[in-house]
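**Q** Questions regarding the structure given below will be posed in turn.
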């Protein structure tokens with residue numbers, strides 16, 4: 001509410017100051033009034049400040065940007081259905097989804113490319129959210145399921161399940177992937193925070209690299225001891241969406257859905273914690289609960305994605321930085337943008353892998369490594385590495 005407070009000044013006039021609650025606007029006027037009204041306080045109609053419209057314009061721009069990203073995702077998904085060893089016109093790929101008539105092209109789309117595209121979409125959402133959540137929780141711009149060893153932990157656990165226990169199928173070893181991802185997350189954080197100094201981004205990245213190297217050697221030893229598992233493991237280990245049927249999508253979907261819901265639900269708490277633990281508590285956040293739920297969400301997302309397609313790196317590193325570049329640090333926007341942009345990058349990389357080596361293919365895990373490694377190097381050399 002806006003009020004004018006009148007106080008008597010020299011020469012029979014008063015000075016009136018309009019005080020506007022919640023803003024910094026002050027209006028001083030000289031009002032010729034009598035002494036009897038010198039202490040009168042009367043309301044003035046409130047005036048709208050520019051902060052409200054500016055905030056609404058910013059929100060509208062971010063919403064339109066998210067719609068544009070969804071449009072880009074739709075285009076990439078259609079290209080994934082149309083491009084391959086045999087190119088299929090986009091309209092034929094679209095007809096295969098909604099006007100199926102049993103032609104050879106439509107069979108290729110439905111039986112081979114549609115499950116591959118759907119799995120890339122699902123895994124992209126999981127890795128994008130996991131990367132954004134890890135960077136927000138650890139305040140580490142280098143946090144990524146691959147760099148911090150989470151994917152390697154899941155891979156090593158799956159190798160044990162396949163090689164020593166004879167398990168087969170995604171549902172059989174997905175629990176090993178969850179256990180491996182969770183255990184390695186704890187180990188990397190303990191190693192990165194050992195000593196007198198705190199767990200800095202570079203220390204965590206180095207700890208993750210060391211653990212990844214050790215687990216890679218362990219996985220290779222398992223494959224050498226159990227050669228029969230090599231053929232089953234090799235395409236999975238490089239990170240590929242090829243050769244998976246539609247049942248894999250449905251098997252991991254519940255875990256991805258729960259992890260995504262947890263991640264998106266923590267956006268406000270993450271914004272509060274970005275101000276510091278004390279300020280976060282003052283704003284109603286509970287740091288311990290937020291970190292525990294965040295760790296659970298990362299484990300579900302990374303474990304499900306790795307169990308489905310193998311370890312795919314750099315998606316969770318690159319996409320959150322792009323999302324923050326477009327939206328700023330507000331996690332209410334960073335997380336949804338990451339969930340949309342990550343499948344654009346992953347499915348786009350899969351399409352690129354089909355084009356550059358036609359009629360053969362380059363696995364999507366190799367393409368994302370080529371695209372993400374320069375970004376990782378640039379971030380590691382940045383002078384602002386400690387800031388997120």
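Residues are listed down the side, and each one gets a yes or a no for (1) in contact (Cβ under 8 Å) with a residue 24 or more places away in the chain; (2) surrounded by 19 or more Cβ atoms within 10 Å (Cβ to Cβ):
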site: 289; (1), (2): no, no
site: 296; (1), (2): yes, no
site: 302; (1), (2): yes, yes
site: 317; (1), (2): yes, yes
site: 324; (1), (2): no, yes
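**Q** Answer with yes or no whether residue 123 is in the same structural domain as residue 310 (by TED's automatic domain parsing), under 19 Å from the mean Cα position of the chain (by Cα) and within 19 Å of residue 245 (Cα to Cα).
**A** yes
**Q** Check whether at least one residue in segment 274-293 is more than 17 Å from residue 338 (Cβ to Cβ), in contact with a helix residue (DSSP H, G or I) (Cβ under 9 Å, 6 or more places away or on another chain), modelled with pLDDT of 90 or more and assigned by TED's automatic domain parsing to the domain that holds residue 119, and report yes or no.
**A** Yes.
**Q** Let me ask something additional. Please count how many residues of segment 83-139 are more than 28 Å from residue 273 (Cβ to Cβ) and either at pLDDT 90 or above or assigned to a loop (DSSP other than H, G, I, E, B) (or both).
**A** The qualifying residues number 22.
**Q** Let me ask another. Could you tell me which of the residues 170, 200, 216 is modelled with pLDDT under 80, under 28 Å from residue 347 (Cα atoms) and under 27 Å from the mean Cα position of the chain (by Cα)?
**A** Details: 200 fails: under 28 Å from residue 347 (Cα atoms); 216 fails: modelled with pLDDT under 80.
From the options 170, 200, 216, the qualifying one is 170.
**Q** If residue 264 satisfies every condition in (1) surrounded by 16 or more Cβ atoms within 10 Å (Cβ to Cβ); (2) assigned to a helix (DSSP H, G or I); (3) at pLDDT below 90 but one, which is the exception?
**A** (3)
**Q** Given the criteria within 30 Å of residue 166 (Cα to Cα), in the same structural domain as residue 161 (by TED's automatic domain parsing) and touching a helix residue (DSSP H, G or I) at 6+ places or on another chain (Cβ under 8 Å), does residue 299 qualify?
**A** For residue 299, the condition - within 30 Å of residue 166 (Cα to Cα), in the same structural domain as residue 161 (by TED's automatic domain parsing) and touching a helix residue (DSSP H, G or I) at 6+ places or on another chain (Cβ under 8 Å) - is met.
The values are calculated or read from the model by the stated rules, or taken from the named source; none is laboratory data. Quick caveat, the model's predicted, so the values are computed rather than measured. In this analysis, Cβ positions are derived from the backbone assuming ideal geometry, glycine residues included, and neighbour counts consider all displayed protein chains.
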